[in-house]
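One structure is given here, and the rest of the page talks about it.
The values are calculated or read from the model by the stated rules, or taken from the named source; none is laboratory data. Computed from a predicted model, the values in this text were never measured in an experiment. In this analysis, Cβ positions are derived from the backbone assuming ideal geometry, glycine residues included, and neighbour counts consider all displayed protein chains. Keep in mind that these areas ignore ligands, DNA and RNA; they rest on the heavy atoms of the full protein, side chains included. Shrake-Rupley method; radii C 1.70, N 1.55, O 1.52, S 1.80 Å.
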Amino acid sequence: MADMGAFREAVTVWAAGGPGEPACELAARLSVRTAVLLEGPSDVAAVDALAARRGRDLAAEGVCVLPMGGAMSVGRFARLLGPTGLGLRLTGLCDERERGYYARGLDRAGAAEQGFFVCAADLEDELIRALGVARVEELVRAEGDLRALQTFLRQPAQRGRTAQQQLRRFLGTKKGRKIRYGRVLVEALDPGRVPAPLDGLLAGV
């Protein structure tokens, strides 16, 4: 039986230049109505974790959460999935520094009026600010990464950076760490402290 994971894979193949028919067929079979475009898998982990906390099954609701493999892919995915392609409603997250690029890509795809939510630096930065440095350090310790963090902080390159900037960079220093902490940080949030971009995204799908 086809599931949203199969649709996600079919779209990724399509965006890479492969055939579009499988994605089109799955979109119809699964009644996909919305595509959430995210830069990478750590953002997907965070969105999925918040949806689970709120008791929502996005796939069952016809919502596909898609990692694009980088911000520069937004125009391609928007063309395939938006008004000029499958006709899905598009939403997602972008970083402030990529805002203009997203606007141009969405405009060329005829999707300029659809809603994207902007993170000041990136989603990890939003989550660290929402939790606070001390709480994130507690989570790093609980995850068994305290020694790795201490080693990282001794690097000369980290001098002069704020504790928040150091933690944000630490999360990206090992493959898979950002994905794991995308889930861990969201699960640790107080319900009233969900960062506005992430909260707005979930409320709007």
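Can you pull out the trypsin sites (Lys or Arg not before Pro) in the stretch 64-161 that DSSP calls coil and that have at most 12 other Cβ atoms within 10 Å?
ARG154, ARG159
Please give the Cα centre distance for the stretch 166-205 versus the stretch 64-138, rounded to the nearest Å.
14 Å
At what distance in nm do the modelled label points of ARG29 and LEU139 sit from each other, each positioned 7 Å from its Cα along Cα→Cβ?
3.7 nm
Specify whether the C-alpha gyration tensor of the stretch 4-46 places it in the rounded, prolate or oblate class, a ≥ b ≥ c being the square roots of the eigenvalues: rounded for a/c under 1.5, otherwise prolate if a/b is larger than b/c and oblate if not.
Oblate shape, in that a/c is at least 1.5 and b/c is the bigger or equal ratio.
If you roll a 1.4 Å probe over the heavy atoms of the protein chains, what accessible area per residue do you get for the stretch 70-205, in Å²?
51 Å²
With θ set to phi - 60°, apply the Karplus curve 6.51 cos²θ - 1.76 cosθ + 1.60 along the stretch 56-71 and write out the HN-Hα couplings as whole Hz, x wherever there is a Gly or Pro.
The phi angles translate into 10, 10, 4, 4, 5, 8, x, 10, 9, 9, 10, x, 8, x, x, 5 Hz.
Could you check how much of the accessible area of the chain is carbon and sulfur, as a whole percent, using a 1.4 Å probe?
49 percent
Quick check: net charge around ARG108, other residues with Cβ under 12 Å of its Cβ, Lys/Arg +1 and Asp/Glu -1?
Neighbour charge sum, excluding ARG108 itself: +2.
If you work out Cα extents along the principal axes in Å from the coordinates, which of (1) 54, 40, 32; (2) 44, 37, 29; (3) 51, 34, 30 do you get?
After the calculation, the listed value that fits is (3).
Just to confirm a number: summing +1 for Lys and Arg and -1 for Asp and Glu over residues other than ALA35 whose beta-carbon lies under 11 angstrom from that of ALA35, what do you get?
Here the count lands on +3.
Scan the chain and note any complete DSSP helix (H) whose C-alpha atoms cover at least 15 Å along its axis and whose Kyte-Doolittle average is -0.5 or more.
Qualifying helices: 4-15, 41-53, 177-188.
Net charge near ARG76: determine it from the other residues with C-beta under 13 Å of the C-beta of ARG76, scoring Lys and Arg +1 and Asp and Glu -1.
Every neighbour counted, the sum reads +3.
Suppose only helical runs count, i.e. DSSP H with n ≥ 4. What mean residue ellipticity at 222 nm does that imply for the chain under -39500 (n - 2.57) per run, divided by all residues and rounded to the nearest 500 deg cm²/dmol?
That comes out to -15500 deg cm²/dmol.
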